[in-house]
């Protein structure tokens, strides 16, 4: 059963938009008709601490949390978080690190979260329309164009190599 | 039927809205805070109380008046509200009263990991426990029905994972509106003098036995037939972990965690060869089930600590004795670089103060470089602890003792400490610093009586912290901006420490994260006031 569940961990530090990115991913999967669960711990993380969220989707998701070592994808927004979260990834899983996108090419530094989702989207079977709708639902209208551009930039970026 | 991706907190708020709750009240506390905020956004009447005790009392009064009332708090908040809680089980209610206790196993953002399922048995109140957002929605509605049917407050026990995880929720449309509030006089039921309380206790025990029998056939509890070799009894989010860890097992998922359907538990345990109770936190189900003479297996002591997970459930079921791997250590939270409290901690550090601290963002001042707090226990406790230290320490040490407390925490329960300070002053005096950043910052910028704005950020009467201090008889009251002149702040603190008087220093400067929002609320209020003046209705 669990083989049909897609497990994505998103990690970073407070203020980077990790939770926003996980909301967009979860919503895109929901709009694509999947069962979805998203787990996060917030509160103290507002003060610049580590933030990790788990997004799981598939036919029927039971636990909201991803078992360490069983994540299919690990999207990391801050270089300092790679070492501490890498063990969450399964063998053959895919790490999307923050430098997968050249910072200079981002339409705005704060749009890294959505740009990395664009890279992730290449590996996930979710329709473009679901992504677009999820980005629109999560952000105020004035930020739509900018974030769609960031998402497209990610979409056009090559996937990193999987975890050995 | 509308389906949406909601957190458990949002789901409870949606249930409150759809169930026609007349009044929601509470005090902010992770992971419960978003319930009332969402209820307000959905158009419900929601308000922050100064603390959980007052919140429960307001909700109880509303329920005495026949209204549906919701009161929300984090687990430690129920300690503050415990006094009215216990006796409300005797008085019962007219309208439905649901108390949300949001527990924090693993202490993502709390000072302890107490298991509030104990309160259900201790107070004698029914308790329901959801495992995801849909159940949070369904059980919140069921809790109101149960409360009205049995005329008892009902506790909805949630945990961080249920409160903050999102999953799909289908809301119900066209639910019948609850009865309109109306006062029904019932002196013997509501006035707990001993003569009326004695029969009320007996009546409560009778109700609980009735509820136990009712819970035996409650459709809320889920019995999943599986392997005869292994059966698991569980509740809350743990049920989801168990289904993933042992999909083949027979499962009894309890939603009515108090009173327990003991006959059903006995039948379930008897239907399998090995029956394991898998529960997060204290071994409450295990002890109750064993006390009823039902042979079940519990979990090893190590699993009493922290949250459970699929991996940990696998270990429990496999009786895996190997030590668990350390979870990866991330970056710890810290005071924001531009936090206005930095100069305060710098001064406390420099003057080598002994600091009784309190609950909030500023507790992070305990971390290097300041290591600026020597004790932090409970909301409002800084004032009393500081006074206790002052009373007993040798004079030279006593003079270094300072209590520090945030603005929201001060109004929550620091106020009684302030009264104690003037009533029983230590010989060396005392210094109380109120760190006033104009918001309840740690939980995400909620309003409180000292901000002068309601939960929905509308203007209301503003409680003055310095005014309160003067009113109770503190003669030395200073209001300063610690950022504007850190050296002046340090000098003031040194002077106040040197004098054997009672002193309150309000260190006032808005939280840097909240400041733009505060400005926006103030401008909106100003615009409204100007429009009112123009319309002639001042």
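The values are calculated or read from the model by the stated rules, or taken from the named source; none is laboratory data. Note that this is a predicted model, so its numbers are computed, not measured. Here the Cβ positions follow ideal geometry from the backbone for every residue, glycine too, while neighbour counts run over all protein chains shown.
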Check: Can you tell which of B:88, B:101, B:110 is at pLDDT below 95 and either out of contact with any strand residue (DSSP E or B) (no Cβ under 9 Å at 6 or more places or on another chain) or in the same structural domain as residue B:186 (by TED's automatic domain parsing) (or both)?
Finding: B:110
Next item on the list: Within region B:492-510, identify whether any single residue is over 23 Å from residue B:353 (Cα atoms) and surrounded by 17 or more Cβ atoms within 10 Å (Cβ to Cβ), and answer yes or no.
Entry: yes
Next item on the list: Give region B:20-45 a look and list any residue that's away from every other protein chain (no Cβ under 14 Å), crowded, with 24+ Cβ neighbours inside 10 Å and farther than 16 Å from residue B:130 by Cα, or say none.
Entry: B:21, B:24, B:25, B:26, B:27, B:36, B:39
Note to self: If I filter region A:7-23 down to residues being touching a helix residue (DSSP H, G or I) at 6+ places or on another chain (Cβ under 8 Å) and within 21 Å of residue A:93 (Cα to Cα), which single residue comes out as surrounded by the most Cβ atoms within 10 Å (Cβ to Cβ)?
What the structure shows: A:10
Notebook entry, point to check: Among (1) within 15 Å of residue B:331 (Cα to Cα); (2) within 11 Å of chain B (Cβ to nearest Cβ), where does residue A:77 come up short?
Noted result: (2)
Checklist line | Qualifying positions in region B:267-297 - closer than 30 Å to residue B:89 by Cα and assigned to a loop (DSSP other than H, G, I, E, B) | finding: B:279, B:280, B:281, B:282, B:283, B:292, B:293, B:294
Item checked: All positions within region B:417-451 that are within 30 Å of residue B:164 (Cβ to Cβ), more than 14 Å from every other protein chain (Cβ to nearest Cβ) and assigned to a loop (DSSP other than H, G, I, E, B) -> B:438, B:447, B:448, B:449, B:450, B:451
Next item on the list: Answer with yes or no whether residue B:264 is in the same structural domain as residue B:101 (by TED's automatic domain parsing), in contact (Cβ under 8 Å) with a residue 24 or more places away in the chain and part of a helix (DSSP H, G or I).
Entry: no
Check: Are any of the residues in region B:202-217 under 21 Å from residue B:125 (Cβ atoms), crowded, with 16+ Cβ neighbours inside 10 Å and touching a strand residue (DSSP E or B) at 6+ places or on another chain (Cβ under 6 Å)?
Finding: yes
Note to self: Quick check on region A:51-67. Is at least one of its residues more than 10 Å from the chain's Cα centre (by Cα), within 8 Å of chain B (Cβ to nearest Cβ), part of a helix (DSSP H, G or I) and buried (at least 19 other Cβ atoms within 10 Å of the Cβ)?
What the structure shows: no
Next item on the list: Could you check residue B:405 against (1) within 18 Å of residue B:438 (Cα to Cα); (2) without any contact (Cβ under 8 Å) to a residue 60 or more places away in the chain; (3) assigned to a helix (DSSP H, G or I) and say which number it fails?
Entry: (3)
Margin query: Regarding region B:185-194, can at least one residue be identified that is under 30 Å from residue B:34 (Cα atoms), in contact (Cβ under 8 Å) with a residue 60 or more places away in the chain and not in a helix (DSSP H, G or I)?
Written below: no
Next item on the list: Would you confirm whether any residue within region A:96-113 is away from chain B (no Cβ under 14 Å) and in a strand (DSSP E or B)?
Entry: yes
Notebook entry, point to check: Looking at this structure, is residue B:369 surrounded by fewer than 23 Cβ atoms within 10 Å (Cβ to Cβ) and in contact with a helix residue (DSSP H, G or I) (Cβ under 6 Å, 6 or more places away or on another chain)?
Noted result: no
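Each row is one residue, and each column tells you yes or no for (1) within 25 Å of residue B:134 (Cβ to Cβ); (2) not assigned by TED's automatic domain parsing to the domain that holds residue B:127.
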{"position": "B:205", "(1), (2)": "no, no"}
{"position": "B:210", "(1), (2)": "no, no"}
{"position": "B:229", "(1), (2)": "no, yes"}
{"position": "B:285", "(1), (2)": "yes, yes"}
{"position": "B:298", "(1), (2)": "no, yes"}
